[in-house]
4 protein chains.
Amino acid sequence: MADHDTLSPEKERQILNGAARVFALDGYEGASMSRIAAEAGVSKGTLYNYFAGKADLFGAFVQRECATRMTLLFDDIDDDAPPEETLTQVGRQMIIMLTSDTGLLMYRMVVAEAAKFPELADTFYQAGPARALARMAGWISRMCAAGRLRVEDPEFAAEQLFTLMQARLCMRRRLQLIQSVSEDEIEAVVQSGVRLFLRGYGR
Amino acid sequence: MADHDTLSPEKERQILNGAARVFALDGYEGASMSRIAAEAGVSKGTLYNYFAGKADLFGAFVQRECATRMTLLFDDIDDDAPPEETLTQVGRQMIIMLTSDTGLLMYRMVVAEAAKFPELADTFYQAGPARALARMAGWISRMCAAGRLRVEDPEFAAEQLFTLMQARLCMRRRLQLIQSVSEDEIEAVVQSGVRLFLRGYGR
Amino acid sequence: MADHDTLSPEKERQILNGAARVFALDGYEGASMSRIAAEAGVSKGTLYNYFAGKADLFGAFVQRECATRMTLLFDDIDDDAPPEETLTQVGRQMIIMLTSDTGLLMYRMVVAEAAKFPELADTFYQAGPARALARMAGWISRMCAAGRLRVEDPEFAAEQLFTLMQARLCMRRRLQLIQSVSEDEIEAVVQSGVRLFLRGYGR
Amino acid sequence: MADHDTLSPEKERQILNGAARVFALDGYEGASMSRIAAEAGVSKGTLYNYFAGKADLFGAFVQRECATRMTLLFDDIDDDAPPEETLTQVGRQMIIMLTSDTGLLMYRMVVAEAAKFPELADTFYQAGPARALARMAGWISRMCAAGRLRVEDPEFAAEQLFTLMQARLCMRRRLQLIQSVSEDEIEAVVQSGVRLFLRGYGR
DNA sequence: GATGAATGAGGGTTCATTCAT
DNA sequence: AATGAATGAACCCTCATTCAT
């Protein structure tokens with residue numbers, strides 16, 4: 001999407017950072033290239049030297065965020081740890097990501113523009129949720145093989161786990177009903193969700 | 001939000017119907033007051049006699065839609081029916097609503113504009129999810145009292161139930177990854193979710 | 001081209017007059033809608049209430065000018081008058097039209113944009129030169145029938161007559177070599193051209 | 001116009017060749033300095049080292065084209081040949097030049113921009129039409145002296161001859177009504193024009 | 001001398017809003 | 001109460017020009 005024989009990687013970052021701030025506040029449609037330029041500290045013309053247009057800039061922004069966020073959600077999964085521990089850790093990190101300012105922003109914009117930019121939503125899905133689900137499903141399969149879980153459809157179970165983590169906090173953040181989440185709140189959601197999951201799929 | 005010493009309730013309805021069609025197709029930013037006026041069959045000036053502006057019209061539209069859609073999700077709950085049956089029926093209707101064109105549209109718009117119109121998101125939440133959760137939590141409490149479920153936090157359990165229904169289909173619809181859902185797909189999600197719920201909270 | 005269920009004929013005229021002044025100075029590409037709006041004394045938005053865009057405005061302008069100019073070039077042709085008289089009178093009016101500010105402007109713009117707006121050039125041709133040629137050819141035919149001229153191809157003879165009128169003054173005006181033409185200059189060109197024509201085609 | 005203590009004549013030629021291609025396709029307003037730079041294979045900065053700006057570059061381009069095209073329209077005039085033959089040959093070459101792609105292009109651009117670049121139109125006139133007219137007028141004078149023509153104003157007669165050659169084909173090409181001209185069409189126009197000219201001015 | 005990234009004024013166009021009718 | 005013509009700020013984007021390298 002973005003031109004990656006890019007003129008100056010530093011300036012591209014600068015632009016994307018500015019764009020992130022503006023997109024965050026105003027959404028895709030609401031964001032103006034003028035404001036993004038001002039926020040990024042470059043001229044409007046420079047925006048168009050780095051990105052083909054607004055849609056392209058938005059795409060590059062989404063792609064970068066996905067790539068950034070998705071790393072290390074599962075970096076230190078230890079198959080020998082008790083399932084409860086792994087589930088708790090993964091669930092916690094997922095909630096943290098989904099309720100973070102940028103995570104929230106990404107979700108909002110991708111959902112809002114999915115009808116207009118379906119390929120963007122797909123990019124987002126592949127770079128984010130799909131990878132997370134694949135990893136989780138893999139882990140569940142291994143736990144089944146090890147006799148520690150009993151799951152018929154690991155992929156779907158992974159989805160259930162992730163949706164359970166979205167109870168209460170995620171929805172409220174998405175609807176701007178709350179401005180932040182505390183560690184205690186997160187812990188409560190994670191524990192309850194993990195317990196439900198294990199009662200259903202544990203051994 | 002809207003002026004409720006309203007000039008002519010009939011004309012207000014007429015405008016909101018036009019607005020609904022346009023917002024549905026184009027979203028908030030994409031909708032133009034001209035198109036809404038044309039679609040509603042009134043002049044642009046009349047729009048401003050009934051609503052203070054675009055944001056106000058949007059608010060009134062969301063409010064009315066919420067009120068309209070949210071009715072009777074639970075109209076025929078029978079406390080004597082087996083819990084599994086009730087859960088299945090409620091879950092099924094929830095998925096149908098969330099993946100319907102209008103349900104999806106509402107969700108997208110409210111989430112998209114939550115940062116800009118927080119009070120709108122709140123309206124939506126109160127008129128929709130909050131009422132559904134309250135009803136469900138009430139039913140769970142009654143089931144606990146009847147010794148048919150064992151739940152510590154009925155309100156939260158209700159949220160978990162609803163999030164479980166959002167696995168797979170809802171997310172994919174929201175991201176425009178799929179264009180429709182089949183009854184079989186719905187049934188699979190509902191059954192798996194209800195089973196998980198009952199294994200955790202049943203008796 | 002222009003919307004002729006026009007909002008206010010007076011304002012449309014006002015806009016077209018402003019457009020004429022700006023197009024005259026800057027040509028099609030060089031003219032800006034902002035300047036046209038300012039020159040016409042209306043807002044930019046109003047321009048777009050009356051015309052679909054710049055190309056449409058330009059088209060309407062060309063059409064109006066053609067319609068205006070072309071009338072009465074031949075209104076009072078009297079078939080009983082001596083051919084020399086008729087030719088002189090028509091030739092004189094033709095030079096006057098071609099060297100007038102608007103006539104010049106029209107020619108410049110239509111020729112300049114013919115590659116980009118061929119249908120415009122065609123409109124111009126049909127509304128202007130084609131009609132003039134047809135009328136002239138008709139007159140020539142009648143003069144032949146009356147035994148006062150001897151012409152094989154009346155249509156082509158008409159073209160030759162008109163091109164003869166373009167010697168000296170028209171080209172120089174088109175190239176901005178001169179800013180105006182005097183009546184004496186016109187008379188000289190007309191007489192010389194008519195004499196040449198009659199020596200060749202007269203009887 | 002162009003800086004003639006020029007940095008490298010070779011590079012200047014290179015730039016003008018690129019400019020010619022772009023101006024030919026897009027006209028003055030439509031041509032962009034970026035495209036010209038790319039087409040010429042130099043950087044945009046270099047353009048500005050050789051030419052003061054777009055207008056200056058355009059001027060240099062027109063000047064060079066005039067100098068190039070105008071040569072040898074009359075190189076082989078033989079005063080002993082019959083006037084009809086000479087006139088036919090000159091007329092034919094004139095039509096060919098005026099209806100050629102480049103001739104047409106030059107005419108269009110110079111006429112289009114005459115109001116904005118009057119000195120440019122003058123350059124064009126001096127380099128092209130003026131020289132052609134002077135040569136032709138000279139030949140006519142010599143023919144008069146030799147008793148083969150009888151013309152009062154040789155200069156003006158030369159203009160009439162040239163305008164007669166512009167009947168039909170030139171106008172239609174200029175208005176993009178036709179895309180090409182055949183030899184037969186040219187011959188018809190030349191013969192008819194020459195005959196008319198000789199009936200009027202021959203002896 | 002040559003480069004091309006950066007600039008920012010200006011391009012055509014849209015549209016929420018106003019107000020005279 | 002209803003109209004819709006008029007407004008003008010703001011939109012995205014282009015491009016002639018400059019200047020640090």
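The values are calculated or read from the model by the stated rules, or taken from the named source; none is laboratory data. Remember, it's a predicted structure, so these values are computed and weren't measured experimentally. Note that we place each Cβ from the backbone using ideal geometry, even for glycine, and neighbour counts take in every protein chain shown.
Let me spell it out: the conditions are (1) touching a residue at least 12 places away in the same chain (Cβ under 8 Å); (2) in a helix (DSSP H, G or I), and D:A167 meets all of them except one. Which number is the exception?
(2)
Out of everything in the range D:52-68 that is within 14 Å of another protein chain (Cβ to nearest Cβ) and within 11 Å of DNA strand F (Cβ to nearest atom), what residue ends up being nearest to D:M97 (Cα to Cα)?
First, the residues of the range D:52-68 that are within 14 Å of another protein chain (Cβ to nearest Cβ): D:54-55, D:58, D:62, D:66.
Within this subset, residues satisfying the condition of being within 11 Å of DNA strand F (Cβ to nearest atom) are D:54-55, D:58.
Working: D:K54: 27, D:A55: 25, D:F58: 21 Å.
By that ranking, first place goes to D:F58.
What's the total number of residues in the range B:32-45 that are near DNA strand E (Cβ under 6 Å from one of its atoms) and buried (at least 16 other Cβ atoms within 10 Å of the Cβ)?
Total meeting the criteria: 1.
Please work out which residue is nearest to the other protein chains (Cβ to nearest Cβ), limiting yourself to the range D:178-191 and to residues that are part of a helix (DSSP H, G or I) and free of Cβ contacts under 8 Å to residues at least 12 places away in the same chain. Can you show your working first?
Step one: filter the range D:178-191 for residues part of a helix (DSSP H, G or I), giving D:183-191.
After this cut, where a residue has to be free of Cβ contacts under 8 Å to residues at least 12 places away in the same chain as well, the list is D:183-184, D:188.
Details: D:E183: 17, D:D184: 14, D:A188: 8 Å.
Here the residue is D:A188.
Of the numbered conditions (1) more than 10 Å from chain A (Cβ to nearest Cβ); (2) without any contact (Cβ under 8 Å) to a residue 24 or more places away in the chain; (3) not acidic (D, E), B:R142 fails exactly one; give the number of that condition.
Of (1) more than 10 Å from chain A (Cβ to nearest Cβ); (2) without any contact (Cβ under 8 Å) to a residue 24 or more places away in the chain; (3) not acidic (D, E), only one is false for B:R142: (2).
Which ones in the range B:149-164 are surrounded by 15 or more Cβ atoms within 10 Å (Cβ to Cβ), more than 10 Å from chain A (Cβ to nearest Cβ) and either hydroxyl-bearing (S, T, Y) or part of a loop (DSSP other than H, G, I, E, B) (or both)? Write out each step before concluding.
Step one: filter the range B:149-164 for residues surrounded by 15 or more Cβ atoms within 10 Å (Cβ to Cβ), giving B:149, B:151, B:154-164.
Now restrict to residues that are more than 10 Å from chain A (Cβ to nearest Cβ): B:149, B:151, B:154.
Once the filter is applied, which keeps residues that are surrounded by 15 or more Cβ atoms within 10 Å (Cβ to Cβ), more than 10 Å from chain A (Cβ to nearest Cβ) and either hydroxyl-bearing (S, T, Y) or part of a loop (DSSP other than H, G, I, E, B) (or both), the range B:149-164 yields only B:V151.
Kindly list, by first and then second residue, each pair from a residue in the range C:123-136 that is in contact (Cβ under 8 Å) with a residue 24 or more places away in the chain and within 18 Å of C:Q93 (Cα to Cα) to a residue that is of a type outside the set (S, T, N, Q) and assigned to a helix (DSSP H, G or I), limited to pairs with Cβ atoms under 6 Å and residues at least 6 apart or on different chains.
Partner pairs satisfying both residue conditions: C:A127/C:C66; C:G128/C:C66; C:G128/C:M70; C:R131/C:M70; C:L133/C:A158; C:M136/C:A158.
Is one or more of the residues making up the range D:75-93 at pLDDT below 85 and at positive phi?
Among the residues of the range D:75-93, not one is at pLDDT below 85 and at positive phi, which makes the answer no.
Filter the range D:13-51 down to residues that are near DNA strand F (Cβ under 9 Å from one of its atoms) and outside any helix (DSSP H, G or I) and give me whichever is nearest to the other protein chains (Cβ to nearest Cβ).
D:A31
Show the residue pairs meeting these rules: Cβ distance below 6 Å; 6+ apart or different chains; first residue within the range C:47-60 and within 13 Å of C:A20 (Cα to Cα) and not assigned by TED's automatic domain parsing to the domain that holds C:A127; second residue away from DNA strand F (no atom under 11 Å from the Cβ) and in a helix (DSSP H, G or I).
So the pair list comes out as C:L57/C:A19; C:F58/C:Y28; C:G59/C:L120.
Hey, C:Q126 hits all of (1) more than 23 Å from D:A114 (Cβ to Cβ); (2) more than 12 Å from chain D (Cβ to nearest Cβ) but one; which does it fall short on?
(2) is the only condition that C:Q126 fails.
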